[in-house]
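Below is one structure; the comments refer to it alone.
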């Protein structure tokens with residue numbers, strides 16, 4: 001490895017140039033690395049699947065589908081960022097560090113906030129769809145745009 005590629009020197013370190021195929025391949029490897037061994041995904045992925053199944057069952061509108069899918073993507077992405085930060089912090093130091101503790105807590109807090117609001121949005125959309133289905137009225141008068 002040349003000095004310009006060695007992250008241990010003061011020189012600038014850069015990833016080698018990659019084509020689109022390798023970029024996507026590495027992104028998918030990163031996706032699986034982020035999910036592997038993370039207990040949070042044991043909750044997030046089944047909940048996401050349940051939301052998708054309920055939305056399909058209730059036949060929600062395209063706009064509502066978009067909102068639900070954006071919420072799912074944001075929560076999973078936030079959890080992946082959090083996993084990446086955790087791995088990076090572990091590689092920086094194996095000893096206790098107050099700044100690392102705070103950084104990890106902040107990242108976890110971001111996932112929590114996003115998850116709470118995604119759950120609220122999902123509950124509003126699917127809750128109203130359930131009411132419409134159960135009582136047999138529709139048209140989305142309350143939640144339509």
If we scan the range 36-44, do we find a residue that is modelled with pLDDT under 90, surrounded by 14 or more Cβ atoms within 10 Å (Cβ to Cβ) and in a helix (DSSP H, G or I)?
yes
Being closer than 30 Å to residue 130 by Cβ and in a helix (DSSP H, G or I) narrows 104, 31, 87, 54 down to just 54
Could you please find all residues in the range 58-85 being within 18 Å of residue 39 (Cβ to Cβ) and surrounded by fewer than 16 Cβ atoms within 10 Å (Cβ to Cβ)?
77, 81, 84
Residue match in the range 132-140 (condition: on the phi > 0 side of the Ramachandran plot, exposed (fewer than 14 other Cβ atoms within 10 Å of the Cβ) and in a loop (DSSP other than H, G, I, E, B))
yes
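The values are calculated or read from the model by the stated rules, or taken from the named source; none is laboratory data. Remember, predicted model here, so these are calculated numbers, not experimental data. Cβ: placed from backbone, ideal geometry, glycine included. Neighbour counts: every protein chain shown.
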